[in-house]
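*Asks:* My questions all concern the structure below.
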Amino acid sequence: MIQEQISQYTEEINAFATSDAEQLEQFRIKFLGTKGIIKDIFDQFKAVSPEEKRTLGKVLNSFKQLAEEKYNTLKETLEAHAGPGAAAQIDLTLPGEGYEIGSRHPLALVRREIIAIFTKLGFSVAEGPEIEDDWHNFSALNFPEEHPARDMQDTFFIRKGGENGDIALRTHTSSVQVRMMEAGQPPFRALMPGRVYRNEAISARAHCFFHQIEGLYVDENVSFADLKQTLFYFVQELYGEGTKVRFRPSYFPFTEPSAEMDISCSICKGDGCQMCKQSGWVEILGCGMVDPNVLENCGIDSKKYSGFAFGMGIERIANLKFEIKDLRLFSENDVRFLKQYQSVLS
Ligand code: DAH
């Protein structure tokens, strides 16, 4: 009985050929499946007499081998023809996924716009280190030793004492003024953008780091009128014609006289809103005439030369321009925030 079945199925197996995955699977189920023919014949084999088992065992094993080999060869040919893409059913005619173009950070946009405005007035761009010594960040800028003015800015010190005095993360970009003036002689006409650090608790209105742009103009006969006109022009370019400015007397150790400059609120146009705390005015920068002591500290003849300087926070300018109310957004790298600014400015 078993013998007959085997020779009948051997013929069927030898004759079987297919290039269709479904048919091959049917073949596997029929012969090699858990309820398939081979399993069935093996079950019958258990009942056979011991003498018969000796001869029949071999035949049965090679029959099983035949079915397995047939299945494996057909499967290999099928896969080779199908290729890698076909197995996963990929539709190669579908359009691909495009790469999204990144955008400039809103602070970079504002920095570039400010630089572009001052470039028209002949200002160049200079940079300095973020880790500074006491001389460049404080002493050369006329902050007396132990003077409370040093507490105006909460400093992150890296090293106290030592050969060059304290080493700290710069608290303002005014340090770059010193580096620039030490390295040459007037005229100087430069913008100095960069990151600054202050030891402040992080909130919507304060951060432990932010960005400033410093401006410096030193030459013969530079007066406060030059300072006013330069900044007035800047504001008209940045916030539009008709933006008003006002100067309030202030104090900085490195300028004399010193002032803070307000502009008419660019959001409510002076009517009063949350951004200007209902006053119609917002402060955007500090400025003044470079103190003669600072010029002398940097090796510049204060009898021959005079100059003005100013410093502004880029976040501040960006907040006003884009009506951003939380400073933390600038450093969180949330793409949903960042990509809103891609086409606002070039
Ligand atoms: N360094 C000042 C600050 O961080 C800003 C400043 C004020 C810069 C007046 C200047 C200036 O150059 O003249 O608060």
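Only the coordinates and a few stated rules stand behind these numbers; no lab work does. Nothing here was measured: the structure is a model prediction, and the numbers come from that model. Cβ atoms come from the backbone with ideal geometry, glycine included; neighbour counts cover every protein chain shown.
*Asks:* Quick check: net charge around residue 163, other residues with Cβ under 13 Å of its Cβ, Lys/Arg +1 and Asp/Glu -1?
*Replies:* -1
*Asks:* Put +1 on the Cβ of each Lys and Arg and -1 on the Cβ of each Asp and Glu in segment 243-332; which of 258, 324, 289 then has its Cα farthest toward the positive end of the dipole?
*Replies:* Result: 324.
*Asks:* Right, here's the next one. Just flag the trypsin sites (Lys or Arg not before Pro) in segment 47-156 sitting in loop per DSSP whose Cβ has no more than 12 other Cβ atoms within 10 Å.
*Replies:* Counting only loop positions with at most 12 other Cβ atoms within 10 Å, the trypsin sites (Lys or Arg not before Pro) in segment 47-156 are 120.
*Asks:* Hey, if you drop one equal point scatterer on each alpha-carbon of segment 47-130 and run the Debye formula without solvent, what base-10 log of I(q)/I(0) do you get at q = 0.11 Å⁻¹?
*Replies:* Log10 I(q)/I(0), no solvent term: -0.70.
*Asks:* Further question: How much length would be gained if the chain were fully extended between residue 164 and residue 326, taking 0.36 nm per residue of separation minus their Cα-Cα distance, in nm to one decimal?
*Replies:* Result: 54.5 nm gained on full extension.
*Asks:* For segment 14-75, count all C-alpha to C-alpha pairs, find those more than 18 Å apart, and express that count as a whole percent of the total. Write out the running numbers ahead of the final one.
*Replies:* Numbers: 761 of 1891 pairs.
Here the tail beyond 18 Å accounts for 40 percent of pairs.
*Asks:* On to the next question. Roughly how far apart, in whole Å, are the Cα centres of segment 1-35 and segment 272-346?
*Replies:* Between the Cα centre of segment 1-35 and that of segment 272-346, the gap is 83 Å.
*Asks:* Calculate, in nm to one decimal, what residue 200 and residue 301 gain on full extension: separation in residues at 0.36 nm each, minus their alpha carbon distance. Please report the intermediate quantities before stating the final value.
*Replies:* Numbers: separation 101, 0.36 × 101 = 36.36 nm, distance 3.75 nm.
Stretched out fully, the residue 200 to residue 301 stretch lengthens by 32.6 nm.
*Asks:* Kindly point out, ordered by number, any Cys in the chain whose beta-carbon has no other cysteine beta-carbon under 4.7 Å away.
*Replies:* 208, 287, 298
*Asks:* So which trypsin sites (Lys or Arg not before Pro) in segment 251-346 are both in a DSSP loop and have at most 16 other Cβ atoms within 10 Å of their Cβ? The partial results should precede the final answer.
*Replies:* Details: sites: 269, 277, 303, 304, 316, 321, 325, 328, 336, 339; in loops: 269, 277, 303, 304, 325.
Listed in order of number, the matching sites are 269, 277, 303, 304, 325.
*Asks:* Where is the GNM fluctuation largest for the chain (alpha-carbon springs, 10 angstrom cutoff): 13, 202, 284?
*Replies:* Comparing 13, 202, 284 in the GNM, the peak value goes to 13.
*Asks:* Would you mind giving the average projected area, over all directions, of the Cα convex hull of the chain in nm² with one decimal?
*Replies:* Reported value for the Cα convex hull: 34.1 nm².
*Asks:* Take the alpha carbon atoms of segment 262-318, find their radius of gyration, then divide it by 2.2 N^0.38 Å using N residues; give the quotient. Provide the component values of the computation, followed by the final result.
*Replies:* Values: Rg = 16.8 Å, N = 57, 2.2 N^0.38 = 10.2 Å.
In units of the globular-protein estimate, segment 262-318 measures up at 1.64.
*Asks:* Continuing with the same structure: P(r) of segment 142-292 in 10 Å steps, Cα pairs, percent per bin?
*Replies:* All Cα pairs considered, the percentages come to 9, 32, 37, 18, 4, 0.
*Asks:* Compare 278, 229, 44 in a GNM of the chain, Cα atoms joined below 10 Å, and give the one with the largest fluctuation.
*Replies:* Evaluated over the chain, the most mobile residue of the options is 44.
*Asks:* Sticking with this structure for a sec: Just want the ordering: 203, 306, from fewest to most Cβ atoms lying within 10 Å of their own Cβ.
*Replies:* 203, 306
*Asks:* Report the normalised scattering of segment 220-346 as log10 I(q)/I(0) at q = 0.10, 0.19, 0.20 Å⁻¹, calculated by the Debye formula with identical scatterers on the alpha carbons.
*Replies:* Those come out to -0.42, -1.06, -1.12, one per q.
*Asks:* Could you work out the local net charge near residue 187, counting Lys and Arg as +1, Asp and Glu as -1, over the other residues with Cβ closer than 10 Å to its Cβ?
*Replies:* Summing Lys/Arg as +1 and Asp/Glu as -1 gives -1.
*Asks:* What is the dipole size for segment 57-116, taken about its Cα centre, with +1 at each Lys and Arg Cβ and -1 at each Asp and Glu Cβ, in debye to the nearest 20?
*Replies:* Dipole magnitude for segment 57-116 comes out near 180 debye.
*Asks:* Not counting the cut sites, what is the longest span of the chain without GluC sites (Glu not before Pro) that DSSP labels loop and that have at most 15 other Cβ atoms within 10 Å?
*Replies:* Answer - 1-96.
*Asks:* A follow-up question, please. Taking the Cα centre of the chain as origin and charging only Cβ (+1 Lys, Arg; -1 Asp, Glu), how large is the dipole, in debye to the nearest 20?
*Replies:* Around 540 debye, computed over the chain.
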